[in-house]
1. For a quick check of your reading: which strands (runs of 3 or more DSSP E) sit entirely within region 67-183 and have at least 2 residues that are modelled with pLDDT of 95 or more?
2. List every residue pair whose Cβ atoms sit under 6 Å apart, with the two residues 6 or more apart in sequence or on different chains, where the first one lies in region 42-54 and is over 15 Å from residue 82 (Cβ atoms) and the second, anywhere, is part of a strand (DSSP E or B) and at pLDDT below 90.
3. Is it the case that region 136-155 has a residue that's buried (at least 16 other Cβ atoms within 10 Å of the Cβ), touching a helix residue (DSSP H, G or I) at 6+ places or on another chain (Cβ under 6 Å) and farther than 19 Å from residue 83 by Cα?
4. Any residue at all in region 22-31 that's surrounded by 14 or more Cβ atoms within 10 Å (Cβ to Cβ) and either over 22 Å from the mean Cα position of the chain (by Cα) or modelled with pLDDT of 85 or more (or both)?
5. Considering only residues that are over 19 Å from residue 38 (Cβ atoms) and at pLDDT below 80, which ones fall in region 51-66?
């Protein structure tokens, strides 16, 4: 009789251990997206004024109570507007748009990020459009090109038209013909 109870006890313990392993596995897999779309387009306006437009090849809406709901976009193209005109066009391999939470309306771009406007171009691997502050931010190395002039630095904060750019750890190769001097 004791042997039967011992075998039953071992089987119950074995089943519980296997069940725990399966529960841990299922917790590590992210939940499926709430929505998936081929071709994605959205825009953000404030008081009827267009602030930015975002287009992507595919998108997934993901739910998160911790950081806010976000849309994950493949091959996004973001146009940021100032005074009714496109100020800069940004492209990258992937992007995220936060639709809720404290980062609401912020756009994160990652992988071969390129920004182009009439004042020059920027290149980096990671860039954030901070919608409330209306600034571009990158913690990584950024290269800004104007004509033949190049400026490389980290921790970039810039306005979308690239007229005001602040960076740390700066390296320059500037040519007077490419830079305006405000006297």
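The values are calculated or read from the model by the stated rules, or taken from the named source; none is laboratory data. Everything numeric in this text was worked out from a predicted model, so none of it was measured. All Cβ positions, glycine included, derive from the backbone under ideal geometry; neighbour counts span all protein chains shown.
1. Fully inside region 67-183 and qualifying: 77-82, 85-91, 107-117, 120-130, 135-138, 142-146, 149-158, 165-173.
2. Taking only residues 6 or more apart or on different chains, the pairs are 54/42.
3. There is at least one residue in region 136-155 that is buried (at least 16 other Cβ atoms within 10 Å of the Cβ), touching a helix residue (DSSP H, G or I) at 6+ places or on another chain (Cβ under 6 Å) and farther than 19 Å from residue 83 by Cα.
4. Looking through region 22-31, none of the residues is surrounded by 14 or more Cβ atoms within 10 Å (Cβ to Cβ) and either over 22 Å from the mean Cα position of the chain (by Cα) or modelled with pLDDT of 85 or more (or both).
5. Listed by number, the residues that qualify are 63, 64, 65, 66.
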